[in-house]
Amino acid sequence: MSLLSVEGVSRRFGAVTALDGMTLALEPGEFFALLGGSGSGKSTLLRVIGGFEAPDAGRVTLAGEDVTRIPPHRRRTAMVFQSYALFPHLSVFDNVAYGLRREGTPPAEIAKRVAEALDLVSLPGFSERRPHQLSGGQQQRVAIARAIARRPALLLLDEPLGALDAGLRERTGLELRALQRRLGTSFVMVTHDQAEALALADRVAVLEAGRLAQVGTPRALWDRPATRSLARFLGGANIIEPTQAPLSAEEPAPAYALRPERIRLVPEAPWLNGAAATVEEGVFRGEGVMLTVRLDSGARLRVLCAGEAPAAGSRVALAWDAAALAPLPA
Amino acid sequence: MSALRLALWGWLGLAVALPLGIVVALSVGTGAEGVPPVRWPWEEGASLDAWRLMAEDDVVLLALWRSLVVAGTTAGLCVALAFPMALGLLRAAPRWRPLLLALVLLPFLSGFLLRVAAWIGLLRDSGWINALLIAAGLIEEPLRLLGTDLALYLGMVHAYLPFALLPLLAWFAKRDTRLEEAAADLGAGPFTVFRTVTLPLAWPAAAGAFLLVFIPAAGEFVIPELLGPPDAMLAGRAIWSEFFGTRDWPFAGALATALLLVLLIPILAQQRSGLK
């Protein structure tokens, strides 16, 4: 049985449709990412799951119980807010203990569980501080500790890495994933950062305009994007059609996604799965130079060149493997 | 910037420091026949007679004390009423909000004396409320409403409520509602959210609202005079009668200065707590 199921959930704000018949299921112990741009409905979906927004239509089920009309304080979900929403008038200890006090946990047990939660987020010895005395990264840890102290069935994270410095993001992301593995609790993370979603989540749901565009493992999303727009959104894949170059793929399709890093520069273009092209421009990307090339058929491709990059205007020969062509619908 | 600063200091000097200086100077002057009925301290030397007289005058000290009680009660009632009103206003549908706010502020737009006169019309023995109660057969003799503490506080709260409501409304409008959501998310029901998060965080705003009512209410003269019990003297009336009745200006100046000093205490207390 799914831990969480969202069935046909719609939510409108005036003339804006934030969620349009959203259907999703989440397994126990999963790290799940909701990926999408602004206006995709990802945050609204998270707020519907947490009980902060009531859907106009549809059903939300948590561990077999219909919670669609259950208010947040009676749901076994816990939210880590993007702004952390720590209580400024309470110490770190009292912030983390807040949920336990509401359950009527005895004081000795509260002290033990708060210490445990602060330990889990590597923040022992901070109990007496006030939130404003902590750095952004420390505040986030307190927010996570506060949410997990009640041992929720499902942890909801709204852009958990969004407010952190670039240097902290990757490490914090990995810590978050390690924490999820240790607790075994299901996490649902909202993010607009595809690298973050693909790196951390077991499964990723891509949302577009309030609808589910695709859901799957990061590998499946990367290798087999379901639509042309998803192929472009995830890693900026090229869209190539059989009229533009001689293609030989593993299965026939009207178009294929071809990732820039899977195209090689070769001395001579092969008859199939290759083409001669002219370099239009190159942009340094750190891990290589992203070339924009123009095939003789007129089509433009992006090619990631790891070695010495050819100058603009020079002629190059390209080749790719049949396995690199991911079939797309028309 | 410097022009603005000049204007600000000019305003403070002319509208605050100068009148204040005059009142303080009066309090250490000596009474005399003539117009004005006082000898300034720089004419005949400073004298603390008025202060000494005041310290021994139980009636005046009682008036001062009663003023603080009336102001404190009024401010407490206003804040207690303004809290639910501010929250209710913000929870109302957006299209009703301007209308509700206008209804709250409407009394401000009508003349102050007009409002007091309206209360007199409602509350006096032959007023609307008594007429209504007699017509309904609930009472036979008119109730004494005008000239009681009830009438006093009705008038005071009615006049001063906006001073408490507006700062609370401003605070509630800009508060971070995520904090209340976080509390609900952690298992707190609506009342617990209010008690543990909304109320403690609104405390400084409530203290500010309290002071905004308390300070002018302590010196209020017209409402207690027209609506309140006639026998109970307040500081406002004491100052008035010393100035215009007995024409003892040094005494009146000392009384006004004393009232101001008493009011400085809660202001300083609030500033100190605000600095922390």
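The values are calculated or read from the model by the stated rules, or taken from the named source; none is laboratory data. In this text the structure is predicted, and so the values were computed from the model without any measurement. Because the Cβ atoms are built from the backbone with ideal geometry, glycine has one as well, and the counts that use them run over all protein chains shown. The area values use the complete protein model at the heavy-atom level, side chains included, leaving out ligands, DNA and RNA. Shrake-Rupley method; radii C 1.70, N 1.55, O 1.52, S 1.80 Å.
A Cβ distance below 6 Å, combined with a sequence gap of six or more or placement on separate chains, defines the contacts here; from the stretch A:49-65, residues that are of a type in the set (Lys, Arg) reach residues that are modelled with pLDDT under 95 in the pairs A:ARG59/A:GLU7; A:ARG59/A:THR68.
Test B:ASP176 against the criterion of being under 30 Å from A:ARG74 (Cβ atoms) and in contact with a strand residue (DSSP E or B) (Cβ under 6 Å, 6 or more places away or on another chain), and give yes or no.
Numbers: under 30 Å from A:ARG74 (Cβ atoms): yes; in contact with a strand residue (DSSP E or B) (Cβ under 6 Å, 6 or more places away or on another chain): no.
Against the criterion (under 30 Å from A:ARG74 (Cβ atoms) and in contact with a strand residue (DSSP E or B) (Cβ under 6 Å, 6 or more places away or on another chain)), B:ASP176 does not qualify.
Applying the set (1) over 30 Å from B:GLU180 (Cβ atoms); (2) without any contact (Cβ under 8 Å) to a residue 60 or more places away in the chain; (3) among the small types (Gly, Ala, Ser); (4) open to solvent by 40 Å² or more (accessible area, probe 1.4 Å) to B:GLY31 leaves exactly one unmet item: (2).
Can you go through A:LEU45, A:LEU35, A:LEU24 and tell me which one is under 22 Å from A:LEU176 (Cβ atoms) and open to solvent by 10 Å² or more (accessible area, probe 1.4 Å)? Write out each step before concluding.
Working: A:LEU45 fails: open to solvent by 10 Å² or more (accessible area, probe 1.4 Å); A:LEU35 fails: open to solvent by 10 Å² or more (accessible area, probe 1.4 Å).
Residue meeting the stated conditions: A:LEU24.
Flag: A:VAL60 does not match the condition of being open to solvent by less than 10 Å² (accessible area, probe 1.4 Å) and either part of a loop (DSSP other than H, G, I, E, B) or over 21 Å from A:ASP202 (Cβ atoms) (or both). Each residue in the stretch B:1-47 was checked for being in contact with a helix residue (DSSP H, G or I) (Cβ under 7 Å, 6 or more places away or on another chain) and not aliphatic (A, V, I, L, M), and 8 of them qualify. Taking every residue in the stretch B:193-214 that is within 11 Å of chain A (Cβ to nearest Cβ) and pairing it with any residue that is outside any helix (DSSP H, G or I) and surrounded by fewer than 18 Cβ atoms within 10 Å (Cβ to Cβ), at least 6 positions away or on another chain, the pairs with Cβ-Cβ distances below 7 Å are B:PRO200/A:HIS89; B:LEU201/A:HIS89; B:LEU201/B:ARG175. Scanning the stretch A:152-180 for residues that are in a loop (DSSP other than H, G, I, E, B) and farther than 19 Å from B:GLU181 by Cβ gives A:LEU161, A:LEU164, A:ASP165. Taking the listed residues A:GLU53, A:GLU103, A:GLU128, the one that is facing chain B (nearest Cβ under 9 Å) and either acidic (Asp, Glu) or over 25 Å from B:ARG175 (Cβ atoms) (or both) is A:GLU103, with no other qualifying.
Only one entry in B:LEU165, B:LEU145 is more than 14 Å from chain A (Cβ to nearest Cβ), in contact (Cβ under 8 Å) with a residue 12 or more places away in the chain and not in a helix (DSSP H, G or I), namely B:LEU145. Just one residue in the set B:ALA50, B:ALA75 is within 28 Å of B:LEU168 (Cα to Cα), surrounded by 15 or more Cβ atoms within 10 Å (Cβ to Cβ) and in contact with a helix residue (DSSP H, G or I) (Cβ under 7 Å, 6 or more places away or on another chain); that residue is B:ALA75.
What residue, of A:VAL92, A:VAL80, A:VAL121, is farther than 22 Å from A:LEU174 by Cα, in contact (Cβ under 8 Å) with a residue 12 or more places away in the chain and buried (at least 21 other Cβ atoms within 10 Å of the Cβ)? Write out each step before concluding.
Working: A:VAL80 fails: farther than 22 Å from A:LEU174 by Cα; A:VAL121 fails: farther than 22 Å from A:LEU174 by Cα.
Within the list A:VAL92, A:VAL80, A:VAL121, the selection yields A:VAL92.
Have a look at B:ALA118, B:ALA86, B:ALA102 and point out the one that is under 22 Å from the mean Cα position of the chain (by Cα), more than 14 Å from every other protein chain (Cβ to nearest Cβ) and open to solvent by less than 20 Å² (accessible area, probe 1.4 Å). Steps first, answer last, please.
Working: B:ALA118 fails: open to solvent by less than 20 Å² (accessible area, probe 1.4 Å); B:ALA102 fails: open to solvent by less than 20 Å² (accessible area, probe 1.4 Å).
It is B:ALA86.
Close Cβ contacts (under 9 Å, 6 or more residues apart or on different chains) running from residues in the stretch A:279-298 that are aromatic (Phe, Trp, Tyr) to residues that are crowded, with 16+ Cβ neighbours inside 10 Å and assigned to a loop (DSSP other than H, G, I, E, B) comprise A:PHE284/A:ALA309. For the stretch A:314-322, check the following and say yes or no: at least one residue is open to solvent by 30 Å² or more (accessible area, probe 1.4 Å) and either over 24 Å from A:LEU221 (Cα atoms) or of a type in the set (Phe, Trp, Tyr) (or both). Yes: one or more hits. Taking the stretch A:132-147 as the range and being open to solvent by 10 Å² or more (accessible area, probe 1.4 Å) and either within 11 Å of chain B (Cβ to nearest Cβ) or outside any helix (DSSP H, G or I) (or both) as the test, the residues that pass are A:LEU134, A:SER135.
Restricting attention to helices (runs of 4 or more DSSP H) lying wholly within the stretch B:1-120, give those where 2 or more residues are under 27 Å from B:LEU260 (Cα atoms). Walk me through how you get there before you give the answer.
Details: elements: B:2-11, B:18-27, B:41-44, B:49-56, B:58-91, B:97-109.
Because the criterion is at least 2 residues that are under 27 Å from B:LEU260 (Cα atoms), the helices (runs of 4 or more DSSP H) in the stretch B:1-120 that meet it are B:2-11, B:18-27, B:41-44, B:49-56, B:58-91.
State whether one or more residues within the stretch B:170-179 are in contact with a Pro (Cβ under 7 Å, 6 or more places away or on another chain) and farther than 20 Å from B:PRO266 by Cα. No, the stretch B:170-179 contains no residue that is in contact with a Pro (Cβ under 7 Å, 6 or more places away or on another chain) and farther than 20 Å from B:PRO266 by Cα.
For the stretch B:240-258, filtering for residues that are surrounded by 24 or more Cβ atoms within 10 Å (Cβ to Cβ) and hydrophobic (A, V, I, L, M, F, W, C) leaves 4. You will find that of A:ALA269, A:ALA213, A:ALA276, A:ALA253, the residue that is open to solvent by less than 60 Å² (accessible area, probe 1.4 Å) and under 21 Å from the mean Cα position of the chain (by Cα) is A:ALA213 and no other.
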